[in-house]
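The values are calculated or read from the model by the stated rules, or taken from the named source; none is laboratory data. Note that the coordinates shown come from a computational prediction; the quantities given were computed from them, not determined experimentally. Ideal geometry is used to build each Cβ from the backbone, glycine not excepted, and the neighbour counts take in all protein chains shown.
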Amino acid sequence: MVVARSRRFALWLLITCMAAALAPASAQTQTPKPPTAADWAAIGKLPDFTGVWEATFGGGRGRGAGGGAPQGPQLTTAAAAKRKQLQSVPREDNQTANCLPPGMPGIMGQPYPMEFLLTPGLVTIVIEAYTQVRHIYTDGRALPADPDLKFHGTSVGRWEGDTLVAETVGFSPLTDLAANVPHSGKMRIVERFRLADPDTMTIDTTITDPDVLVAPYTSTRTLKRHRTWTIAEYVCEENNRNFVDQSGKAGVNLSDPAKKE
């Protein structure tokens, strides 16, 4: 299974490099205009998301399109069979154990702090886990029709009153819709960020993927603000004990890297 994922990664990397070489440099870039004093003043009128937040656990929930009791994503028959197959892979045989980030949507559920920064036309989320950075563009641009495939996809946001609505498309094949559930190229994620009170944020996340899900899957996460915290350095490779051998098989080095022979 690890070999298959390694081959999938190599194919994805080759295709991505070829596409980058052939596509115009400006295909998915948009030159932002210099912010004006009015643009900066408008930031002060938005909800105060700025600062370091941490997810609380135990209060989140997942539901189908109709709401009701918490449940996992409702999978198609083929997707359910694929999940069962992947669940048989040993736990150490996964990409995050070897320092690849989980990508979207998994990166937003990590048990590590994240910092929100609001600037004109952009919401930046600095995630301590794997030292990841997300950009949600709020400058009026449209979602790309043919997006580059990235771990976090491409996110475009808009403000609906006091709620930031972010839509994301274009995900790397190395990311999963949920644990052991690969997505298709049709996956789309919509997030709704809002403040429940000055130090509590809720994020409603709805995932649609007609090739994998029989119904949209929505989950809600609650974050608490920590006004005195700063983001720490996270370097997965520094003390990583996982490795992949020449055949693609993952393993664990149980020796203490801190000890010198």
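Here are the numbers for the structure shown:
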| read-out | value |
| --- | --- |
| Looking only at the range 141-181, and only at residues there that are among the small types (Gly, Ala, Ser) and part of a strand (DSSP E or B), the one that is nearest to residue 109 (Cα to Cα) | 178 |
| Boolean, residue 100 is touching an Asp or Glu at 6+ places or on another chain (Cβ under 8 Å), of a type in the set (A, V, I, L, M) and either surrounded by 16 or more Cβ atoms within 10 Å (Cβ to Cβ) or free of Cβ contacts under 8 Å to residues at least 40 places away in the same chain (or both) | no |
| Failed criterion for residue 130 (all others in (1) in a loop (DSSP other than H, G, I, E, B); (2) modelled with pLDDT under 95 hold) | (1) |
| Residues satisfying the stated conditions in the range 116-163, i.e. farther than 19 Å from residue 208 by Cβ, buried (at least 18 other Cβ atoms within 10 Å of the Cβ) and out of contact with any helix residue (DSSP H, G or I) (no Cβ under 9 Å at 6 or more places or on another chain) | 116, 123, 128, 137, 138 |
| Filtered residue count, the range 164-203, keeping only those that are under 17 Å from residue 223 (Cβ atoms) and surrounded by fewer than 16 Cβ atoms within 10 Å (Cβ to Cβ) | 5 |
